[in-house]
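What follows is a single structure, written as structure tokens, with notes after it.
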Amino acid sequence: MDSEKELVNRCLGRDPRAQESLYKRYASRMYGLCLRYAGNDDEAKDMLQEGFIRAFRYLKDFRFQGSFEGWLRKIFVNTCINLKRKELKFQSETLTEEKTQNPDTCADVLSKLSQQELIRMIRELPPGYRMVFNLYVIEGFNHKEIGKLMGISESTSKSQLWCARKNLKMRILNSGYGT
């Protein structure tokens with residue numbers, strides 16, 4: 001198996017076998033990332049394809065400083081954001097105080113959910129909620145960064161996250177896991 005550096009250099013030399021190898025090495029992980037942003041499998045596949053097109057286009061810019069997978073992940077997150085940004089329309093919602101729930105109960109409910117069930121529930125969130133939730137909770141961006149990436153205000157990002165969490169909580173409770 002090629003080292004990362006050898007594989008990248010072979011891809012830069014337009015070696016189709018190296019490109020296929022790079023794709024096979026990272027496709028499943030990047031597809032998982034795309035699924036979190038996409039509304040359905042077809043959209044995730046489109047994001048995956050567009051992400052690899054961009055990755056190969058900008059491969060010459062990778063400087064072997066830090067991990068290649070981290071660099072690739074950033075390309076994919078930005079690709080997903082750019083593709084979703086075009087279709088997102090944010091609605092202003094009046095926030096009310098969220099009822100607190102016993103943390104032990106939350107942990108117990110989450111332990112009963114499979115990873116696939118949780119991913120499915122996240123994918124069913126409205127697009128704006130899903131984007132902010134993924135960026136904040138999974139990717140680790142702060143609200144200021146999310147606002148800049150998505151072209152929204154910091155307070156809109158906070159509102160979207162609050163609504164996403166509330167929506168997820170209701171989905172979990174309605175699924176029978178919260179009883």
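General remarks:
- Amide H contacts of GLU124 (H built 1.01 Å from N, in plane; Pro and chain starts excluded): no residue 5 or more places away or on another chain comes under 5 Å.
- Pairs of lysines in region 103-174 (C-alpha under 23 Å apart; 8 or more residues apart or interchain): 7
- Angstrom value of the Kirkwood radius, inverse mean 1/r, which spans all Cα pairs in region 103-174: 12.7
- Taking region 24-90 and dividing mean pair separation by its residue count, relative contact order in percent (alpha carbons under 8 Å, at least six apart): 38
- 3J(HN,Hα) from dihedral phi, region 38-45, Karplus parametrisation 6.51/-1.76/1.60, rounded to Hz, x for glycine, proline: 7, x, 7, 5, 4, 5, 5, 5
- Cα centroid of region 147-174 to Cα centroid of region 23-77, whole Å: 24
- Length-normalised contact order of region 117-179 in % [C-alpha pairs under 8 Å, at least 6 apart]: 33
- Just so you know, the averaged projected area of the alpha carbon convex hull for region 4-85 sits at 5.0 nm².
- Distance (nanometres) between label positions extended 7 Å along Cα→Cβ at LYS45 and VAL137: 2.7
- Ordered by the number of other Cβ atoms lying within 10 Å of each residue's own Cβ, fewest first, VAL132, VAL137, VAL8, VAL77 fall into the sequence VAL137, VAL8, VAL77, VAL132.
Here, each number is a calculation from the coordinates, and none is a lab measurement. Just so you know, these numbers come straight off a predicted model, no measurement behind them. Every residue, glycine as well, gets a Cβ built from its backbone with ideal geometry; the counts of neighbours run over all protein chains shown.
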